[in-house]
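Trainee: Dropping a structure here in structure tokens format, bear with me for questions.
The values are calculated or read from the model by the stated rules, or taken from the named source; none is laboratory data. Computed from a predicted structure; not experimentally measured. Don't worry about glycine lacking a Cβ; one is built from the backbone with ideal geometry, like all the others, and counts go over all protein chains shown.
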Amino acid sequence: MARYRGAVCRICRREGEKLYLKGERCYTDKCAIERRPYPPGQHGQGRQKRSDYGTQLREKQKVRRVYGILEKQFKRYFEMAEKMSGITGENFLQLLERRLDNVVFRMGFATSRNQARQLVLHGHLQVNGKKVNIPSYLVTDDDVISVKETSRKSKKFKEIFEYNSELTSPKWLSVNMDKAEGKVLSLPDREDVDLAVEEHLIVEYYSR
């Protein structure tokens, strides 16, 4: 499966803001964007003037990188959102939020979406009692997501649970950290997406 394997911190610097792609490290003084708050490369500190297209592109790239999705699949989500009833931009964000790796991250079973993707791929998560190792799996109402019993006792998950012990999950999810499981109460609304994003720019980009 294709996946970006370059320096993650360069992504945040390229987008000009923290995207919290490395979990705990992003909250420390080791965060690259804190030390070098300008784009990477030879001309990173030069003046930059963006066109309308450039603004739309950067917004699209930012969201794609936050969720860790390659372009082909990202566009496929947009095409799915267009066919749904309602506002395309909001439908699009809802589909991204419903990805299993994102839900695992939101529930506090991982410290970053990248880590959540790895945990899902390695078979540590279950949906309704059955192992699901597909990060792009779309959860729906009343789905129960849990950490496999043998996995929750591992050192890795103990560290994750300790780190996220005070995490507040979004209202569309219910989480029981003691049991290492959570439930999807409803599909997410636009207000449940805490990412600073102007989704209309992405709609404009793909509608050119």
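Trainee: Among the residues of the range 96-110, write down those that are over 15 Å from K60 (Cα atoms) and in a helix (DSSP H, G or I).
Mentor: So the first thing to find is which residues in the range 96-110 are over 15 Å from K60 (Cα atoms), and the list is 97-110.
E97, L100, D101, N102, V103, V104, F105, R106, M107, listed by residue number.
Trainee: A further question follows. Evaluate the range 153-174: report whether one residue or more is surrounded by fewer than 17 Cβ atoms within 10 Å (Cβ to Cβ) and within 16 Å of R99 (Cβ to Cβ).
Mentor: Checking the range 153-174: at least one residue is surrounded by fewer than 17 Cβ atoms within 10 Å (Cβ to Cβ) and within 16 Å of R99 (Cβ to Cβ).
Trainee: Still on this structure, please answer the following. Kindly state which helices (runs of 4 or more DSSP H) lie completely within the range 111-172 and contain at least 1 residues that are touching a residue at least 60 places away in the same chain (Cβ under 8 Å) and under 21 Å from Y77 (Cα atoms).
Mentor: Hits in the range 111-172: 113-121.
Trainee: Give E90, E79 a once-over and let me know the one that is part of a helix (DSSP H, G or I), modelled with pLDDT of 95 or more and more than 22 Å from W172 (Cβ to Cβ).
Mentor: Selected residue: E79, the only one of E90, E79 that is part of a helix (DSSP H, G or I), modelled with pLDDT of 95 or more and more than 22 Å from W172 (Cβ to Cβ).
Trainee: Would you confirm whether any residue within the range 183-195 is loosely packed, with under 12 Cβ neighbours inside 10 Å and touching a residue at least 40 places away in the same chain (Cβ under 8 Å)?
Mentor: Within the range 183-195, not a single residue is loosely packed, with under 12 Cβ neighbours inside 10 Å and touching a residue at least 40 places away in the same chain (Cβ under 8 Å).
Trainee: Take the residues in the range 173-182 that are in a strand (DSSP E or B) and not β-branched (V, I, T), then tell me which one is nearest to F74 (Cα to Cα). It would help to see each step written out before you state the result.
Mentor: Going residue by residue through the range 173-182, those that are in a strand (DSSP E or B) are 173-176, 181-182.
Still in the list and also not β-branched (V, I, T): 173-174, 176, 181-182.
Details: L173: 24, S174: 27, N176: 31, E181: 28, G182: 26 Å.
For the range 173-182, the residue satisfying everything is L173.
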